[in-house]
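Okay, so here's the structure we're looking at.
The values are calculated or read from the model by the stated rules, or taken from the named source; none is laboratory data. On a predicted model such as this, the values are computed, not experimentally measured, just so you know. Virtual Cβ from ideal backbone geometry, glycine too; neighbours counted across all protein chains shown. With ligands, DNA and RNA removed, areas are computed over all heavy atoms of the protein, side chains included. Shrake-Rupley method; radii C 1.70, N 1.55, O 1.52, S 1.80 Å.
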Amino acid sequence: AQSVTQPDIHITVSEGASLELRCNYSYGATPYLFWYVQSPGQGLQLLLKYFSGDTLVQGIKGFEAEFKRSQSSFNLRKPSVHWSDAAEYFCAVGAGFSGGYNKLIFGAGTRLAVHP
Amino acid sequence: DAGVTQSPTHLIKTRGQQVTLRCSPKSGHDTVSWYQQALGQGPQFIFQYYEEEERQRGNFPDRFSGHQFPNYSSELNVNALLLGDSALYLCASTEERGRETGELFFGEGSRLTVL
């Protein structure tokens, strides 16, 4: 069955420090992978996506992610975190189902806190 | 260009009541999906509507039903509310390419509290 695991429930970093949020997926075919961010009380905003090609993808707000097929991972990184990056981050995989329509399967999320 | 809009933003109901949530997709999008996000969890897929038909459904009981209108807007209805239905309900829209990949654009959600 398709699934997404985000091993870290809560991460705290200092402003200006680097960040890596982990994501592992389970999916039989070539996955479509996404990272979304959710600020408190808000909906989900797409940070970046991987469909095919270059395994290092760039997103908005200075984020990037690397797809590693051998490790079934799609970790999110940022070289220097800003206080405004404090939010909840969700990794998701686009899972195909009958009729050719995809749905998103989300991980449980990682809550990021940023210390000044 | 308006994104995905949802209404109401917050509502409180009591057990056994019924609720209707509404969603207007992003301009140019014809496919609407609904997700339930319980507190502290990731969103869970409820169902997806395209061409006014429910195309796929997640693991939710029949108390959850929906509808898509000719203008692509959508409603989510939940009958016989339970305390466990308290959650943020997210509407997301997409178009053909997104139906292939799963890429979705989300609204800000309707927060339902069941007392």
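Assorted remarks:
- Residues that are in contact (Cβ under 8 Å) with a residue 40 or more places away in the chain and within 19 Å of residue B:43 (Cα to Cα) do not occur anywhere in the stretch A:54-72.
- Residue satisfying condition, being within 24 Å of residue B:55 (Cβ to Cβ), surrounded by fewer than 16 Cβ atoms within 10 Å (Cβ to Cβ) and either within 14 Å of chain B (Cβ to nearest Cβ) or touching a Phe, Trp or Tyr at 6+ places or on another chain (Cβ under 7 Å) (or both), within set A:95, A:1: A:1
- Against the conditions (1) more than 16 Å from residue A:94 (Cβ to Cβ); (2) modelled with pLDDT under 95; (3) exposed (fewer than 11 other Cβ atoms within 10 Å of the Cβ), residue A:10 satisfies every one except (2).
Every residue, every condition in (1) of a type in the set (Phe, Trp, Tyr); (2) out of contact with any strand residue (DSSP E or B) (no Cβ under 8 Å at 6 or more places or on another chain), yes or no:
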| residue | (1), (2) |
| --- | --- |
| B:41 | no, yes |
| B:54 | no, no |
| B:72 | yes, no |
| B:80 | no, yes |
| B:89 | yes, no |
| B:94 | no, no |
| B:97 | no, yes |
| B:103 | no, no |
| B:113 | no, no |
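- Taking the stretch A:23-44 as the range and being more than 14 Å from residue A:104 (Cβ to Cβ) and open to solvent by 30 Å² or more (accessible area, probe 1.4 Å) as the test, the residues that pass are A:24, A:26, A:28, A:29, A:30, A:39, A:40, A:41, A:42.
- Any hit, the stretch B:59-80, residues being in contact with a helix residue (DSSP H, G or I) (Cβ under 8 Å, 6 or more places away or on another chain), at pLDDT 95 or above, farther than 28 Å from residue A:2 by Cα and open to solvent by 70 Å² or more (accessible area, probe 1.4 Å): no
- First in the stretch B:22-51 and within 11 Å of residue B:107 (Cβ to Cβ), second anywhere and at pLDDT below 95 and surrounded by fewer than 18 Cβ atoms within 10 Å (Cβ to Cβ), Cβ under 8 Å, 6 or more apart: B:24/B:2; B:26/B:1; B:26/B:2; B:26/B:3
- Of residues in the stretch B:11-34 being in contact with a Leu (Cβ under 8 Å, 6 or more places away or on another chain) and exposed (fewer than 11 other Cβ atoms within 10 Å of the Cβ), the one farthest from the other protein chains (Cβ to nearest Cβ): B:16
- Residue count, the stretch B:94-113 (criterion: farther than 26 Å from residue A:1 by Cβ and open to solvent by less than 10 Å² (accessible area, probe 1.4 Å)): 4
- Residue in the stretch A:43-51 that is within 11 Å of another protein chain (Cβ to nearest Cβ), touching a residue at least 12 places away in the same chain (Cβ under 8 Å), on the phi < 0 side of the Ramachandran plot and not in a strand (DSSP E or B) present: yes
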